[in-house]
Amino acid sequence: MIEIYLFVNPLGAICLGSEKHLWNFVQTSEQKIQFRLMPLVNMQTIDAVLTRRGTPKHDIHARNQLFENTYSAALDAKALQLQGKKKAREFLMQMQEEVACNGKEYNHELVISLVEAVGGDVEMFTEDRQSDLVKTLFQEDQNTAREMGITTHPSAVVYNYACERDYGVLLEGEDALADIPRLCQVDQENYQIFHIDGYLQRKNERRVTHDTKHLKLM
């Protein structure tokens with residue numbers, strides 16, 4: 001079995017592109033793959049987005065607004081996840097499409113319209129969105145990211161148990177994610193390559209210690 005954790009900006013266009021490519025791979029792969037999509041929000045990722053936009057980091061208003069919207073969108077996705085991973089995934093990708101690609105303003109009206117668009121129960125979503133459970137689930141995702149050493153998005157961690165590795169492989173950045181299909185192969189050549197000391201010392205790829213508490217797919 002293979003497990004993939006993908007850490008993304010819930011309002012990011014670059015992450016949306018990575019999600020689409022990876023989800024297409026998961027759907028078409030002959031391997032059994034467990035896929036977990038996790039919104040990532042912290043000061044490092046906020047700084048990275050401000051830099052990408054050319055916004056001064058000392059612009060407190062822009063920083064606060066970006067953080068509030070990104071954090072809120074992450075909670076939206078976690079709330080809808082209680083109605084199913086598929087709905088949450090579709091919601092998140094549509095949110096990224098509308099805000100990051102189509103330039104729509106992130107607000108409550110947009111959120112509700114997208115909940116309806118993916119077949120979610122609005123009343124249930126509204127109730128769950130205000131719950132402590134959703135905040136706890138979000139925080140668990142951030143804790144997992146911190147334990148895995150995630151500092152940027154998009155990033156992914158891949159566990160390929162068929163190759164009997166006792167570690168996962170962390171890939172940072174859009175370009176590095178192109179290696180995911182190779183990491184999911186189970187042929188003898190792949191098995192040998194990823195046991196070579198130093199192979200994963202190149203930029204944007206490194207080992208992540210195996211931890212069974214990470215293997216809880218919501």
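How long are the semi-axes of the equivalent ellipsoid of segment 13-153, defined as square roots of 5 times the Cα gyration tensor eigenvalues? Whole Å, largest first. Mind dumping the intermediate values first?
Values: eigenvalues 105, 77, 53 Å².
So the equivalent ellipsoid measures 23, 20, 16 Å along its semi-axes.
Could you tell me the calculated FRET efficiency between Gln27 and Leu133, based on Cβ-Cβ distance and R0 = 45 angstrom, to the nearest 0.05? Kindly include the intermediate steps, with their values, before the conclusion.
Values: r = 29 Å, r/R0 = 0.65.
Taking R0 as 45 Å, the efficiency between Gln27 and Leu133 is 0.95.
Please list the equivalent ellipsoid semi-axes of segment 71-150, computed as the square roots of five times the alpha-carbon gyration tensor eigenvalues, in descending order and whole angstrom. Provide the component values of the computation, followed by the final result.
On the way: eigenvalues 85, 51, 24 Å².
Equivalent ellipsoid semi-axes, largest first: 21, 16, 11 Å.
Tabulate in residue order the Karplus-calculated ³J(HN,Hα) for segment 55-60, using 6.51 cos²θ - 1.76 cosθ + 1.60 with θ = phi - 60°, rounded to whole Hz; enter x for Gly and Pro.
8, x, 5, 7, 6, 4
Just add up the charged neighbours of Phe125: K/R +1, D/E -1, any other residue whose Cβ is under 10 Å from the Cβ of Phe125.
Values: positive: Lys87, Arg129; negative: Asp76, Glu116, Asp121, Glu123, Glu127, Asp128.
So the surrounding residues net to -4.
Between Gln34 and Glu174, what is 0.36 nm times their sequence separation minus the Cα-Cα distance? Round to one decimal in nm. Please list the in-between numbers first.
Numbers: separation 140, 0.36 × 140 = 50.40 nm, distance 2.02 nm.
In short, 48.4 nm is gained.
Translational D (Stokes-Einstein, µm²/s) of segment 44-92 at 10 °C and 1.306 mPa s when Rh comes from the Kirkwood sum over C-alpha pairs?
Working: Rh = 11.9 Å.
Reported coefficient: 133 µm²/s.
What are the ³J(HN,Hα) couplings of segment 81-98, residue after residue, when phi is run through the Karplus curve with 6.51, -1.76, 1.60 and θ = phi - 60°? Round to Hz, x for glycine and proline.
Coupling constants for segment 81-98: 4, 5, 9, x, 5, 5, 4, 5, 5, 5, 4, 4, 5, 5, 5, 4, 4, 5 Hz.
Using a 1.4 angstrom probe on the protein heavy atoms only, line up Ile14, Ile33 by accessible area, largest first. Don't jump to the answer; show the numbers that get you there.
Working: Ile14 70, Ile33 25 Å².
Ranking Ile14, Ile33 by accessible area, largest first, yields Ile14, Ile33.
Can you give the percent of C-alpha pairs in segment 1-89 whose distance is more than 18 Å? Don't jump to the answer; show the numbers that get you there.
On the way: 1971 of 3916 pairs.
Percent of Cα pairs beyond 18 Å in segment 1-89: 50.
Protein chains only, probe 1.4 Å: how do Thr136, Thr152 rank by accessible area, largest first?
On the way: Thr136 70, Thr152 45 Å².
Ranking Thr136, Thr152 by accessible area, largest first, yields Thr136, Thr152.
Starting from segment 22-73, pick out the trypsin sites (Lys or Arg not before Pro) whose DSSP state is loop and whose Cβ has at most 12 other Cβ atoms within 10 Å.
Details: sites: Lys32, Arg36, Arg52, Arg53, Lys57, Arg63; in loops: Lys32, Lys57.
Counting only loop positions with at most 12 other Cβ atoms within 10 Å, the trypsin sites (Lys or Arg not before Pro) in segment 22-73 are Lys32, Lys57.
Could you derive backbone 3J(HN,Hα) for segment 125-130 from the dihedral phi with the Karplus parameters 6.51, -1.76 and 1.60 (θ = phi - 60°), listing whole Hz in sequence and x where the residue is Gly or Pro?
3J(HN,Hα) across segment 125-130, in whole Hz: 4, 4, 5, 5, 4, 8.
The values are calculated or read from the model by the stated rules, or taken from the named source; none is laboratory data. Source: prediction; values computed, not measured. All Cβ positions, glycine included, derive from the backbone under ideal geometry; neighbour counts span all protein chains shown. Protein only, heavy atoms only, side chains kept; ligands, DNA and RNA dropped before computing areas. Shrake-Rupley method; radii C 1.70, N 1.55, O 1.52, S 1.80 Å.
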